[in-house]
Amino acid sequence: MDSNLLQEGLDLLLYGMGSVLVFLTLLVVATLIMSAVMRRFFQDPEVPEITGEGLETSPQPAVPDQRLLTVIKTALELHRDQRKK
């Protein structure tokens, strides 16, 4: 084998992988800097506290419509029957 060809291939590999590594490192650094800038100048608004007055202590779950449950049940049965065939 030609050792010069192998050396050129290795050089190309190292330059390519090195440039990808440098690019990704710069991308991470740029993302961290942008994140820090956004956190500093655009802080999250404060959420006002909600007092317990007028709120239900245990909200009741919504009862699903019986017609809707029947439709869903029928659709599931049809689907399972089609899969068995």
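Rule-based calculations on the coordinates, nothing more; no lab input. If you're wondering where the values come from, they're calculated on a predicted model, not measured in any experiment. Here the Cβ positions follow ideal geometry from the backbone for every residue, glycine too, while neighbour counts run over all protein chains shown.
For the stretch 1-44, the Kirkwood hydrodynamic radius from C-alpha pairs, put into Stokes-Einstein at 37 °C and a viscosity of 0.692 mPa s, yields a diffusion coefficient of 251 µm² per second. Spin-label pair Lys84-Thr31: with each label point 7 Å from Cα along the Cα-Cβ axis, the two points sit 5.0 nm from one another.
Summing Cβ point charges (Lys, Arg +1; Asp, Glu -1) relative to the Cα centre of the chain gives a dipole of roughly 640 debye. Across q = 0.15, 0.16, 0.20 Å⁻¹, the chain modelled as identical point scatterers on its alpha-carbon atoms has Debye log10 I(q)/I(0) values of -0.83, -0.87, -1.06, in the order of the q list.
Using only helices, what value at 222 nm comes out for the chain when you add -39,500 (n - 2.57) per DSSP H run of length 4 or more and divide by the total residues, to the nearest 500 deg cm²/dmol?
My calculation for the chain gives -24500 deg cm²/dmol from helical runs alone.
Only one residue of Pro48, Pro64, Met34 has its Cα farthest out toward the positive end of the dipole of the chain, where Lys and Arg carry +1 and Asp and Glu -1 on Cβ, and that residue is Pro64. Using θ = phi - 60° in the Karplus curve 6.51 cos²θ - 1.76 cosθ + 1.60, the 3J(HN,Hα) couplings for the stretch 36-41 round to 5, 5, 5, 5, 6, 9 Hz; x is entered for Gly and Pro.
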